[in-house]
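Undergrad: First the structure, then my questions, so here it is.
The values are calculated or read from the model by the stated rules, or taken from the named source; none is laboratory data. All values derive from a computational prediction rather than experimental measurement. Reconstructed Cβ throughout: ideal geometry from the backbone, glycine too, with neighbour counts over all protein chains shown.
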Amino acid sequence: MKADSSKQNLGDPNRLSFIKLLPNILTIISLCCGMTAIKYALEFHWGNAVMAIIFSACFDALDGATARLLKATSRFGAELDSLADSVNFGIIPSLIIYIWLKETTSSSFDSYYLGWTWVACTLFTSCCILRLARFNIMDKSINENLASDYFVGVPTPAGAGLLLLPIVAKLLGERFAIEFITEDIFFVITITIWIVIISLLMISNIATISFKKFRFKIHKKGATLILISIMLLITTLLKEFWITIFAVQILYLITIPVFGIMRKIRG
C-alpha cells in the first residue's frame, strides 16, 4: 500500500518539480533586471541601465534554451516569456532612451521636439508588442522552421539593443573624451528617426540571422583556435566592456543587409 501511495504522489498532476519551474524562474529574473534598468535610468546611471537590459536579454535567451533542454516547455511559460519580453524589450528601453534624451539635451529647447521623440518611443513599444503577438499566433511548426534558419524582422531583444546604441556610443565618447553635440535640434531629430527605423525593422519581413539552431562542425585542428577566440572575446569584454558591446551592436547591424543579400543570392 505504501509503494502504491508513493507512486500516486509522483504521478499527481497538481505537483510540479523544481526543474520544470527553472525556465519560468529565469524569465522572472529577466523581468527583475528590466525593472532595475528603469531605476538606474531614473537615477541617470546610463551605463548601469544598459547593462541591466543586457543581463535581461541574457536571461531571456537562457529561459528558452533551458525549457527546450529540460523539455519543460508549456503554454504558461510561453505566455509569461512573451509578457516579460514586451516589458523588458518594448516598454523599458523606450523609457530609457526618452529619459536619456530629455536629460542629455537639458533645456536647450522646448518640449515640442521631445514630444515627437515620445511618439517614436510609443511606436517602438507598439511594434515590439505587435511582433510578439504575431509570433504567438503563428503555427508552432512555422515558428520552428523559421527559428531553424532565420528570424522574420529584428527580434525584440536585438531591437532593444539597437535602440540603446546611441547611449552606448555616448558612453564610449566619454571614455575617449569625444564630445557629442547634444545641444542641437538635429541631435534629437536623428535619435527620433533612429527609433522609428528600429521600430519598423522589428515588424518588417526582412530575414535576419538566427543562432538558435546553428550547428557548427569544428575540425579538431581548429578547436584550439575557437577556444582561444572565445577566451579573447571574454577577456576583451571584461577589459573594455563598452567597446565590445558597441562592436557587437555594429556587427549585428551590418549583418541585416548582408544576410538578406546572401539569402537572395542563394535563391
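Undergrad: So which pairs qualify, if the first residue must be in the range 238-267 and within 22 Å of Ser199 (Cβ to Cβ), the second must be part of a helix (DSSP H, G or I) and at pLDDT 90 or above, the Cβ gap must be under 6 Å, and the two must be at least 6 apart or on different chains?
TA: Listed by first residue and then by second, the contacts come to Ile245/Val168; Phe246/Val168; Phe246/Leu172; Gln249/Gly161; Gln249/Leu165.
Undergrad: Going through the range 52-76 one residue at a time, which ones are surrounded by fewer than 19 Cβ atoms within 10 Å (Cβ to Cβ) and small (Gly, Ala, Ser)?
TA: Ala61, Gly64, Ala65, Ala72, Ser74
Undergrad: Next up: Kindly list, by first and then second residue, each pair from a residue in the range 119-130 that is more than 10 Å from Ser94 (Cβ to Cβ) to a residue that is at pLDDT below 95 and among the charged types (D, E, K, R), limited to pairs with Cβ atoms under 7 Å and residues at least 6 apart or on different chains.
TA: none
Undergrad: Which residue pairs have Cβ atoms under 9 Å apart, sit 6 or more places apart or on different chains, and have a first residue in the range 205-233 that is more than 30 Å from Leu132 (Cα to Cα) and a second that is at pLDDT 80 or above?
TA: Close Cβ pairs (under 9 Å, with a partner that is at pLDDT 80 or above) amount to Leu233/Thr244.
Undergrad: Are there any pairs, at least 6 apart or on different chains, whose C-beta atoms fall under 8 Å, with the first in the range 150-165 and under 16 Å from Ala207 (Cα atoms) and the second among the aliphatic types (A, V, I, L, M) and surrounded by 24 or more Cβ atoms within 10 Å (Cβ to Cβ), and if so, which?
TA: Listed pairs, sorted by first residue: Gly153/Met202; Val154/Ile198; Val154/Met202; Pro155/Met202; Thr156/Met202; Gly159/Ile198; Gly159/Met202.
Undergrad: Taking the range 77-106 on its own, how many of its residues are surrounded by fewer than 16 Cβ atoms within 10 Å (Cβ to Cβ) and either part of a loop (DSSP other than H, G, I, E, B) or β-branched (Val, Ile, Thr) (or both)?
TA: 1
Undergrad: Let me ask you something else. Would the range 120-134 turn up any residue that is within 18 Å of Ala41 (Cβ to Cβ), out of contact with any helix residue (DSSP H, G or I) (no Cβ under 6 Å at 6 or more places or on another chain) and modelled with pLDDT of 95 or more?
TA: Yes, because at least one residue in the range 120-134 is within 18 Å of Ala41 (Cβ to Cβ), out of contact with any helix residue (DSSP H, G or I) (no Cβ under 6 Å at 6 or more places or on another chain) and modelled with pLDDT of 95 or more.
Undergrad: Look at the range 146-197 and say how many of its residues are hydroxyl-bearing (Ser, Thr, Tyr), at pLDDT 85 or above and within 30 Å of Ser82 (Cβ to Cβ).
TA: 2
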